[in-house]
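Working notes, beginning with the structure itself.
The values are calculated or read from the model by the stated rules, or taken from the named source; none is laboratory data. This structure is a prediction, so every number in the text was calculated from the model and none was measured. Every residue, glycine among them, receives a Cβ derived from its backbone with ideal geometry; neighbour counts consider all protein chains shown. These accessible areas exclude ligands, DNA and RNA; they are computed on the full protein's heavy atoms, side chains included. Shrake-Rupley method; radii C 1.70, N 1.55, O 1.52, S 1.80 Å.
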Amino acid sequence: MPDATNRRILLRSRPVGEPGEENFALDEAPVPEPGEGQFLGRTVYLSLDPYMRGRMAAGRSYASPAEVGQPMVGATVGQVARSRHPDYHEGDFVLGYWGWQEFGLSDGTGVRKLDPRMGPLSYALGVLGMPGMTAYVALLDIGRPSAGETVVVSAASGAVGSVVGQIAKIKGCRAVGVAGSDAKCRFVVEELGLDACLNYKTQDLDRGLADACPDGVDIYYDNVGGKVLAAVMGHLNRGARIPLVGLISQYNATGPTPGPDLMPLLVNRALVQGFIVSDHPDREADFLRDVSGWLKEGKIKYREAIVEGLENSPRAFLGLFQGENFGKLIVRVGPDPTRSGD
Ligand SMILES: NC(=O)c1ccc[n+]([C@@H]2O[C@H](COP(=O)([O-])OP(=O)(O)OC[C@H]3O[C@@H](n4cnc5c(N)ncnc54)[C@H](OP(=O)(O)O)[C@@H]3O)[C@@H](O)[C@H]2O)c1
């Protein structure tokens, strides 16, 4: 494809506070040629995730930042378009990490081949990928749920939270979600099967938690921090566990954020443990076996928010911080040969 162009979304500048569309630039470049040991991937789906806000900043977190003037980083599902790599052949479907662009090169590092029979290809970016594994490992290994316990999960309709709540139910727990709209809360209760859901934007959280968790909270799976974390603190049981997985409420903060009262952690001997999914590759086989089985059995439902077209990625990414996505946010960058109608 010598004349083909590769549309890319570059990081144009680093945001201060809330990012805006001005931080991104749409650009066109020639489609790159794979070198020896590389393959060229055609993007079918691009994942948009909250952690990308951290990659837009210059400071080193647990991963290095995206470079200004380069394509934004991100996980991709694609098809091998051309290959000079012995293990990847034209037509293979792969989970890769070549970022916000229509075509990308890979040397196979961190790439997983995908079998379309395991489910829709895009699931590798969500329920059967990094967010699903975050739900599974942090809930089971840090939360250690037992039947009869009460689990509260924030961002409960999202990519991570929706899987957390349903695994809590599979494990026999009472599960209570917290989400940012009545429609999301209805979905959490009526579709996902959680016992209750609180809208943190309109409800008194303290009173809502008292009603929804009459026996207190044994596990709080925290995806957001801030006022939801502060409210749950007052309802913790002795021996409670808090997988501290995400703090999206403060990703755009420009100064110190008001902290919650941590005294209940102390008096209840509660354990708070930070969590990074990439530390747990040894759990991937268990995760894929269990969650794909639960999907097939209909025990886990999964919702995606699919946006059409690479050019709409910046706008959709910014919506993550307003709760505009309802389900795992994915961009369809090119046709998906495994779906009829594409
Ligand atoms: N530690 C790890 O290894 C790891 C891995 C994956 C994800 N994470 C974290 O897990 C969390 C969820 O990620 P996800 O991929 O599943 O995203 P998601 O839930 O699909 O989308 C983000 C959601 O966060 C909520 N939100 C946005 N701003 C908020 C605010 N100020 N206060 C409270 N809630 C807010 C919104 O839902 P509402 O409308 O319900 O507010 C939004 O839809 C994020 O914090 C992410 O960074 C951590």
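When residues of segment 188-238 are filtered for being of a type in the set (Gly, Ala, Ser), out of contact with any helix residue (DSSP H, G or I) (no Cβ under 8 Å at 6 or more places or on another chain) and within 25 Å of Gly274 (Cα to Cα), how many remain?
In the first step, residues of segment 188-238 are kept if they are of a type in the set (Gly, Ala, Ser); the result is 193, 196, 208, 210, 212, 216, 225-226, 230-231, 234.
Now drop any that are not out of contact with any helix residue (DSSP H, G or I) (no Cβ under 8 Å at 6 or more places or on another chain), which leaves 208, 210, 212, 216, 230.
Subsequent filtering for residues that are within 25 Å of Gly274 (Cα to Cα) retains 216, 230.
Result for segment 188-238: 2.
Residues that are hydroxyl-bearing (Ser, Thr, Tyr), in contact (Cβ under 8 Å) with a residue 12 or more places away in the chain and touching a Leu at 6+ places or on another chain (Cβ under 9 Å): find the strands (runs of 3 or more DSSP E) completely inside segment 160-262 holding 2 or more of those. Explain how you work it out, then say what you get.
Details: elements: 174-179, 196-199, 217-221, 236-244.
Passing ranges, in order: 217-221.
So Ser340 ticks every box in (1) open to solvent by less than 20 Å² (accessible area, probe 1.4 Å); (2) over 18 Å from the mean Cα position of the chain (by Cα) but one. Which box is left unticked?
Of everything listed in (1) open to solvent by less than 20 Å² (accessible area, probe 1.4 Å); (2) over 18 Å from the mean Cα position of the chain (by Cα), Ser340 misses just condition (1).
Just wondering, is there one or more residues in segment 244-259 that are open to solvent by 30 Å² or more (accessible area, probe 1.4 Å) and farther than 22 Å from Met52 by Cα?
yes
I'm trying to understand the selection: among the residues of segment 7-20, which are touching an Asp or Glu at 6+ places or on another chain (Cβ under 6 Å) and farther than 14 Å from Met72 by Cα?
Within segment 7-20, the subset touching an Asp or Glu at 6+ places or on another chain (Cβ under 6 Å) is 7-8, 10.
None - no residue of segment 7-20 is touching an Asp or Glu at 6+ places or on another chain (Cβ under 6 Å) and farther than 14 Å from Met72 by Cα, so the list stays empty.
Considering segment 163-193 alone, what residues qualify as being within 9 Å of the ligand (Cβ to nearest atom) and among the charged types (D, E, K, R)?
Lys184
Which residues, counting only those in segment 289-315, are farther than 20 Å from Glu28 by Cα and within 15 Å of the ligand (Cβ to nearest atom)?
If the condition is that a residue be farther than 20 Å from Glu28 by Cα and within 15 Å of the ligand (Cβ to nearest atom), then Val291, Ile300, Lys301, Tyr302, Arg303, Glu304, Ala305, Ile306, Val307 are the ones that fit.
Which numbered condition in (1) more than 15 Å from the ligand (Cβ to nearest atom); (2) open to solvent by less than 30 Å² (accessible area, probe 1.4 Å); (3) among the polar types (S, T, N, Q) is the only one that Asn237 fails?
Single failed check for Asn237: (2).
Go through segment 147-156 and count every residue that is open to solvent by 10 Å² or more (accessible area, probe 1.4 Å), on the phi < 0 side of the Ramachandran plot and near the ligand (Cβ under 8 Å from one of its atoms). Even if it seems obvious, please write down each step before you answer.
Kept after step one, since they are open to solvent by 10 Å² or more (accessible area, probe 1.4 Å), are these residues of segment 147-156: 147-149, 155.
Checking the rest, the ones that are also on the phi < 0 side of the Ramachandran plot come to 147, 149.
Of the ones still in play, those that are also near the ligand (Cβ under 8 Å from one of its atoms) are none.
Matching residues across segment 147-156 total 0.
Any idea which of Arg112, Arg117 is in contact with a helix residue (DSSP H, G or I) (Cβ under 8 Å, 6 or more places away or on another chain) and basic (Lys, Arg)? Before you say what the answer is, go through the steps one by one.
On the way: Arg117 fails: in contact with a helix residue (DSSP H, G or I) (Cβ under 8 Å, 6 or more places away or on another chain).
It is Arg112.
Consider segment 45-100. How many of its residues are of a type in the set (Ser, Thr, Tyr), closer than 23 Å to Gly119 by Cβ and away from the ligand (no atom under 14 Å from the Cβ)?
Of the residues in that region, 4 qualify.
Kindly check whether there is at least one residue in segment 303-320 that is surrounded by fewer than 20 Cβ atoms within 10 Å (Cβ to Cβ), charged (D, E, K, R) and farther than 25 Å from Ala81 by Cβ.
So far as segment 303-320 goes, yes, one or more of its residues are surrounded by fewer than 20 Cβ atoms within 10 Å (Cβ to Cβ), charged (D, E, K, R) and farther than 25 Å from Ala81 by Cβ.
Out of the residues in segment 260-281 that are open to solvent by 60 Å² or more (accessible area, probe 1.4 Å) and of a type in the set (S, T, N, Q), which is nearest to the chain's Cα centre (by Cα)?
Out of the qualifying residues, it is Ser278.
Going through segment 39-86 one residue at a time, which ones are open to solvent by 10 Å² or more (accessible area, probe 1.4 Å) and among the aliphatic types (A, V, I, L, M)?
Ala57, Ala58, Ala63, Val68, Val73, Ala75, Ala81
Could you check segment 44-75 and list, in sequence order, the residues that are charged (D, E, K, R) and either outside any loop (DSSP other than H, G, I, E, B) or touching a residue at least 12 places away in the same chain (Cβ under 8 Å) (or both)? Walk me through how you get there before you give the answer.
Filtering segment 44-75 for residues charged (D, E, K, R) gives 49, 53, 55, 60, 67.
Residues satisfying the conditions are Asp49, Arg53, Arg55, Glu67.
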